[in-house]
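Data block below; observations after.
The values are calculated or read from the model by the stated rules, or taken from the named source; none is laboratory data. These numbers were taken from a predicted model, which means no experiment stands behind them. Counting neighbours? That spans all protein chains shown, and the Cβs are built from the backbone with ideal geometry, glycine included. The area values use the complete protein model at the heavy-atom level, side chains included, leaving out ligands, DNA and RNA. Shrake-Rupley method; radii C 1.70, N 1.55, O 1.52, S 1.80 Å.
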Amino acid sequence: MPAVDQWLHLSTRFQSTEKRALAARPTLDFPHVKTFVHQYEHYFNENFGWRNALFYAYSSWKMNVLGQSPLPEKVVVGKRGWFYPGNHFAKIVDQHRGVDPIQPRELRAIKDRLTYYQQQLARQGTRLYVMVVPDSYTIYPENLPDKIKRHSGPSNLDQLRTYLAQQSGISLIDVQPALRNAKKERPVYFQTDTHWNDFGSLVASLAMVGRVRQDFPQLIEPRLADYTIKSAPGIGGDLTTMLALHSVHRDSVRYIVTPRKSLQARQTADIPNSEMNLPSSRFTGPQPAMPRLLFIGDSFSFSMNRFVPQYFGESFLVRSHRLDLALARAERSDIVVVEIVERNLRELADL
């Protein structure tokens, strides 16, 4: 059957859900026959006929019959249609349970790294802010399965927040209160994805700008009333896509958010970025004389393109896990914001 499918392509409607390129068919380079055999075996294991259809059938059976995650290390099946990233992602389950606590040496390493960048940037008159995006575990713990319970002590983020407040002058932007308050009105995270939705991204963006505005009062006041929010049918996110069930398990709703016309920034460049497979983007705000922003962030920051640049004169939003001081100097930014998701906060030590 696999050979027939590879010849006739009967299962083409079942697409691979892996976020990587599968092995390509190798060519025989005589006399390297053994190498060819090894490469072809690898190719066949990733491309044999009915592979994707068989995984769909297995995934459907695990979810619909057994009520279990087909990929428990990558996807946690929660309550009320919610899905969460699994331990594959920075041991997020262990972090939530408190069995992977951040250590004092790690807190010290993060503080030292951030303080170094803060001092270097201050020499050119630039202020540094750090924004940690809460995991869905933190904002929606009520939809986690009963077997995953939060430990009673402070989270790793709580510990970092306290440590930085006591041991440094680093400005840590806390968007948790804004997100928790906003979720009373409408969902702020996707149910089937690792990320926040556009409404959650908007709420967090306004909270971030509001914190920066405390030090730069000339910035336009961020107001939720300046945006139109419309509901649309939801789609399957990256978590259910991993399970090949995104056409069945979808979000109940998604949001289309539009700023008022006088608050729209103009995008001036879209630069390919191989590090994260998401482009870096330049913008000019409606008031070019406003302070300049350099924003370094992960995939959570991509949706912030629509909600942050309008408050600054010039903005450069870069998808990266590293803060490049040479770039910061070249940009001559007044403000540098580093964004990172909660489960990856240890990476701040290697920023």
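At-a-glance table
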{"read-out": "Qualifying residue in region 250-261 (condition: among the small types (Gly, Ala, Ser) and crowded, with 20+ Cβ neighbours inside 10 Å)", "value": "no"}
{"read-out": "Close pairs (6 angstrom Cβ cut-off, 6 or more residues apart or separate chains): farther than 14 Å from PRO145 by Cβ in region 59-86, at pLDDT below 90 anywhere", "value": "LYS62/GLN68; PRO70/SER59; PRO70/LYS62"}
{"read-out": "Residue that is least open to solvent (accessible area, probe 1.4 Å) [pool: residues in region 98-124 that are outside any helix (DSSP H, G or I) and either closer than 24 Å to THR138 by Cα or free of Cβ contacts under 8 Å to residues at least 12 places away in the same chain (or both)]", "value": "ILE102"}
{"read-out": "Any hit, region 211-218, residues being open to solvent by less than 20 Å² (accessible area, probe 1.4 Å), assigned to a loop (DSSP other than H, G, I, E, B) and either at pLDDT 95 or above or at negative phi (or both)", "value": "no"}
{"read-out": "Where a residue in region 129-147 is farther than 27 Å from VAL209 by Cβ and aliphatic (A, V, I, L, M) and its partner, wherever it lies, is open to solvent by 10 Å² or more (accessible area, probe 1.4 Å) and at pLDDT 95 or above, with Cβ under 6 Å and at least six apart", "value": "LEU144/GLY78"}
{"read-out": "Inter-residue pairs, beta-carbon under 6 Å, first more than 11 Å from PHE316 (Cβ to Cβ) and in region 286-297, second outside any loop (DSSP other than H, G, I, E, B) and open to solvent by 10 Å² or more (accessible area, probe 1.4 Å), 6+ apart", "value": "none"}
{"read-out": "Test result for ARG180, modelled with pLDDT of 95 or more, touching a Phe, Trp or Tyr at 6+ places or on another chain (Cβ under 9 Å) and open to solvent by 70 Å² or more (accessible area, probe 1.4 Å)", "value": "no"}
{"read-out": "Tally of residues being at negative phi, surrounded by fewer than 22 Cβ atoms within 10 Å (Cβ to Cβ) and touching a residue at least 12 places away in the same chain (Cβ under 8 Å) across region 325-334", "value": "6"}
{"read-out": "Hey, GLN287 open to solvent by less than 40 Å² (accessible area, probe 1.4 Å), at pLDDT 95 or above and polar (S, T, N, Q) or not", "value": "no"}
{"read-out": "Residue selected from region 278-296 under the condition in a strand (DSSP E or B) and not charged (D, E, K, R), by the criterion nearest to ARG329 (Cα to Cα)", "value": "LEU294"}
{"read-out": "Yes/no for GLN95 being at pLDDT 95 or above, open to solvent by 60 Å² or more (accessible area, probe 1.4 Å) and of a type in the set (S, T, N, Q)", "value": "no"}
{"read-out": "Counted residues, region 176-204 - those being outside any loop (DSSP other than H, G, I, E, B) and either of a type outside the set (A, V, I, L, M) or closer than 12 Å to MET304 by Cβ (or both)", "value": "13"}
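Residues are listed down the side, and each one gets a yes or a no for (1) within 15 Å of TYR129 (Cα to Cα); (2) among the aromatic types (Phe, Trp, Tyr):
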site	(1), (2)
LEU294	yes, no
PHE302	no, yes
ARG306	no, no
GLN310	no, no
ARG319	no, no
ARG322	yes, no
LEU325	yes, no
ALA330	no, no
SER333	yes, no
